[in-house]
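The values are calculated or read from the model by the stated rules, or taken from the named source; none is laboratory data. Remember, it's a predicted structure, so these values are computed and weren't measured experimentally. Neighbour counts are summed over all protein chains in view; Cβ atoms, including those assigned to glycine, are modelled from backbone coordinates with ideal geometry.
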Amino acid sequence: MTRAPDTAPIRAGEELPAGRLREYLSGRIEGVEEGIAIEQFPGGHSNLTYLVAAGGKEYVLRRAPHGPVAPRAHDMARECRVLQAVHPYFPPAPKPYLLCEDSSVIGAVFFLMERRRGVVLRSRIPTNWAANPDLPRLVSKAFLECLVQLHSVEVTRTGLIAMGKPDGFVGRQVRGWSERWLRARTEEMPRMERVIEYLRANLPPEAPPALVHNDFKLDNLMLRADGPGTVEAVLDWEMATVGDPLVDIGLTLCYWDPPDEDVRDGPVTCLTRGPGWMTGEELAGQWAERTKRSTATLRYHEILGIFKLAVIVQQIYFRWFRGQTGDERFASFHRRVKSLVEAAYARVEAAA
């Protein structure tokens, strides 16, 4: 198989047992008897994603990372079921085909979903798009349109409300992510304790529930290769639920205009801070106008978003710290955690 432009050789230690996988898929996926070819999608820092080709067709395989993982994290069975529920009402969610909960097949629960083709923007603009002066505006609008579409899905009429428990949603978010922090902590951080204290003491009023992705960011969107103004797919549904959509906005703004110096002013370009892109304020304002929702508690949700991002990065660093992964990309993540904690703490002090 000729390597796809968005895949890479499989990282050492992250290989799949092709023989066992082929045996399991035989009779379940057409064309497997002729053999399978496996490559890896190199992006992302959490779950492992592979391209599986069989019988002239391509599938995407998702599994949890190697080594021990935090309780209830990296739940591939849940992500597959979320996609089964969401795809009919939100087409950018890829269609899942098969779930395997027998971890003896490849060493973990996994699922196969449809392969979408397009462009994921991370740290650079593709050469064939770079000359387009309207690109930042087009992508910003596509991002906003997709976010509005997501939060406009009728969760009650469609039955998607069963995916979560909207009552007390934000309080559970604070409690759950605080517990994750304690389990993954590698050193004492008193300022993080102050952030948690603030979040617990200032819970916002309940908001009408919506479908919440919980990790909505530019590099979780795939754009159409022939039209950067259109979203082809939204990826990584592991944490999706139903609740206050401002939880999405708060975290989205953390990625759109990073609050931590390591990313904002670091060696890797943050595309959305460049000229021509919507500002975070514009993004939030237009979202509120389009969805007819209030952003009165956005300051709180920005702090919650920074806090959650710090915990996510700390969980990844914790796996490296404990020797559960040899991926050297994670060796310096503790610096970003500290930078995020400082950013959240500064906002807490300003709100006090």
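What strands (runs of 3 or more DSSP E) completely inside the range 203-263 contain at least 1 residues that are charged (D, E, K, R)? Give the derivation first.
On the way: elements: 210-212, 221-224, 227-234, 241-243.
Passing ranges, in order: 221-224, 227-234.
Of all residues in the range 339-352, which are surrounded by fewer than 18 Cβ atoms within 10 Å (Cβ to Cβ) and within 21 Å of the chain's Cα centre (by Cα)? Selection gives nothing. Residues that are under 20 Å from the mean Cα position of the chain (by Cα) and under 13 Å from D244 (Cβ atoms) within the range 142-188 comprise H151, G164, F169, V170, R172, Q173, V174, listed in sequence order.
Restricted to the range 273-291, and to residues that are assigned to a helix (DSSP H, G or I) and among the hydrophobic types (A, V, I, L, M, F, W, C), which residue is surrounded by the fewest Cβ atoms within 10 Å (Cβ to Cβ)? Lay out the reasoning, then the answer.
Taking the range 273-291 as the starting set, the residues that turn out to be assigned to a helix (DSSP H, G or I) are 273, 280-291.
Checking the rest, the ones that are also among the hydrophobic types (A, V, I, L, M, F, W, C) come to 283-284, 287-288.
Numbers: L283: 21, A284: 22, W287: 20, A288: 16.
Checking each candidate, the answer is A288.
Residues checked against (1) more than 28 Å from S332 (Cβ to Cβ); (2) not charged (D, E, K, R):
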residue	(1), (2)
I106	yes, yes
L112	yes, yes
I125	no, yes
D134	yes, no
V148	yes, yes
R172	yes, no
E188	no, no
M192	no, yes
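Can you spot a residue in the range 292-315 that is assigned to a loop (DSSP other than H, G, I, E, B), over 24 Å from S332 (Cα atoms), in the same structural domain as Y345 (by TED's automatic domain parsing) and within 21 Å of the chain's Cα centre (by Cα)? Scanning the range 292-315 turns up no residue that is assigned to a loop (DSSP other than H, G, I, E, B), over 24 Å from S332 (Cα atoms), in the same structural domain as Y345 (by TED's automatic domain parsing) and within 21 Å of the chain's Cα centre (by Cα).
Selection of first residues in the range 307-334 that are within 12 Å of T186 (Cα to Cα) and of second residues that are among the β-branched types (V, I, T) and not in a helix (DSSP H, G or I), restricted to Cβ pairs under 6 Å at least 6 apart or on distinct chains, gives the following pairs, ordered by first then second residue: R319/T325; F321/T186.
Looking only at the range 25-37, decide whether some residue is surrounded by fewer than 17 Cβ atoms within 10 Å (Cβ to Cβ), within 18 Å of the chain's Cα centre (by Cα), modelled with pLDDT under 95 and not β-branched (V, I, T). Checked the range 25-37: no residue is surrounded by fewer than 17 Cβ atoms within 10 Å (Cβ to Cβ), within 18 Å of the chain's Cα centre (by Cα), modelled with pLDDT under 95 and not β-branched (V, I, T).
Selection of the range 27-43 for residues being part of a loop (DSSP other than H, G, I, E, B) and within 17 Å of P5 (Cβ to Cβ) yields F41, P42, G43.
In the condition set (1) touching a strand residue (DSSP E or B) at 6+ places or on another chain (Cβ under 8 Å); (2) small (G, A, S); (3) closer than 25 Å to P205 by Cβ, S178 is compliant with all but (1).
All of (1) more than 30 Å from R11 (Cα to Cα); (2) of a type in the set (A, V, I, L, M, F, W, C); (3) touching a residue at least 40 places away in the same chain (Cβ under 8 Å) hold for A288 with one exception: (3). Taken as a whole, the structure leaves L199 outside the set of residues that are assigned by TED's automatic domain parsing to the domain that holds L309, more than 18 Å from F307 (Cβ to Cβ) and not aromatic (F, W, Y).
The set of residues in the range 209-263 being closer than 21 Å to C80 by Cα and over 17 Å from the mean Cα position of the chain (by Cα) consists of A210 alone.
For the range 80-175, which fully contained helices (runs of 4 or more DSSP H) count at least 2 residues that are in contact (Cβ under 8 Å) with a residue 12 or more places away in the chain and surrounded by 15 or more Cβ atoms within 10 Å (Cβ to Cβ)? Before the answer, list the steps.
Numbers: elements: 127-130, 135-151, 155-158.
Answer list for the range 80-175: 135-151, 155-158.
Checking every residue in the range 193-210 against the condition of being within 27 Å of A288 (Cβ to Cβ), of a type in the set (D, E) and in contact with a Pro (Cβ under 8 Å, 6 or more places away or on another chain) gives at least one match.
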